[in-house]
Structures are given as structure tokens and as C-alpha cells.
Amino acid sequence: MTEINSDVAERVRKVIAKHMRIPPENVTNESTFADLGIDSLDGVNLLFEIEEEFDISIDDDQARSISSIPEMVLGIEKLIAAKANAVSGSRPS
């Protein structure tokens, strides 16, 4: 399994635990949304909270394919990296 960023994963777990009103220790790096009882409506609302937490925008098609903590963390890391590259690439030399 791919190593996931502990800071991003911790923030994701906290957002999910708060949103789902479950103890944070029940949300692990290996949890799937099914394990956590996240249905499609919860997923949509959770998506908004994750976007706000990380100041990113997750594509709807990409969002539909996310079904676990590792998938979410890796997706967020890619979006954060792309955003950082866009910002650093747009600075004048």
C-alpha cells in the first residue's frame, strides 16, 4: 500500500469523525466509507467539508470514485500539489 501523508490523513480523519459524529479513534487510515457508515448523502456533505478544510475543489467524477480514507488522502495530496505547482509556476521570474 502507498504511504500516505500523516498530516493530510489526520485532518481527513478529524473531519470525517466530526461530520459522522463518531469517535476519532474509529476512523483509521485503512477505513473505507462503508466501514464508517458513509452513504451517498453523507459523502456529498463530507466532500464540501473536505474542500473547505483543504481549500481545494474536488471534481465530481473524481469524488464519485473515492470510497476510502487512502483514496481520499491521495486525491487531496494530488490536488494540493497541483495547486502549489500552479501558484509557483505563475510567479514572475
Q. Going through the DSSP H helices of the chain, which span 24 Å or more along their own axis at the Cα atoms while scoring at least -1.0 as a mean Kyte-Doolittle hydropathy?
A. 69-89
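Work out, step by step, the length gained on full extension between Glu10 and Ile56: first 0.36 nm times the residue separation, then minus their alpha carbon distance; give nm to one decimal. Numbers along the way, then the final one.
Values: separation 46, 0.36 × 46 = 16.56 nm, distance 1.68 nm.
Working it through step by step, the gained length comes to 14.9 nm.
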Q. Long-range amide H contacts for Ser68: which residues qualify at under 5 Å (H placed 1.01 Å from N, peptide plane, sequence gap of 5 or more or a different chain)?
A. Phe33
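Run through the range 4-38 and list the GluC sites (Glu not before Pro) located in a DSSP loop whose Cβ has at most 15 other Cβ atoms within 10 Å.
Glu30
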Q | Spatially proximal aspartates and glutamates relative to Lys78 (Cα-Cα < 20 Å; intrachain offsets below 8 disregarded) | A | Glu3, Asp7, Glu10, Glu30, Glu49, Glu51, Glu52, Glu53, Asp55, Asp59, Asp60, Asp61
Q. How compact and how long is the chain, expressed as Rg and Dmax of its alpha-carbon atoms in Å?
A. 13.8, 49
Q: Assuming R0 = 22 Å, can you tell me the calculated FRET efficiency for the pair Glu71 and Ile22, based on Cβ-Cβ distance, to the nearest 0.05?
A: 0.70
**Q.** Centre separation in Å (Cα based) which lies between the range 48-81 and the range 27-46
**A.** 13 Å
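Each value in this text was obtained by applying a stated rule to the coordinates, not by laboratory testing. Everything quoted here is computed from the prediction, not taken from an experiment. Neighbour counts are summed over all protein chains in view; Cβ atoms, including those assigned to glycine, are modelled from backbone coordinates with ideal geometry.
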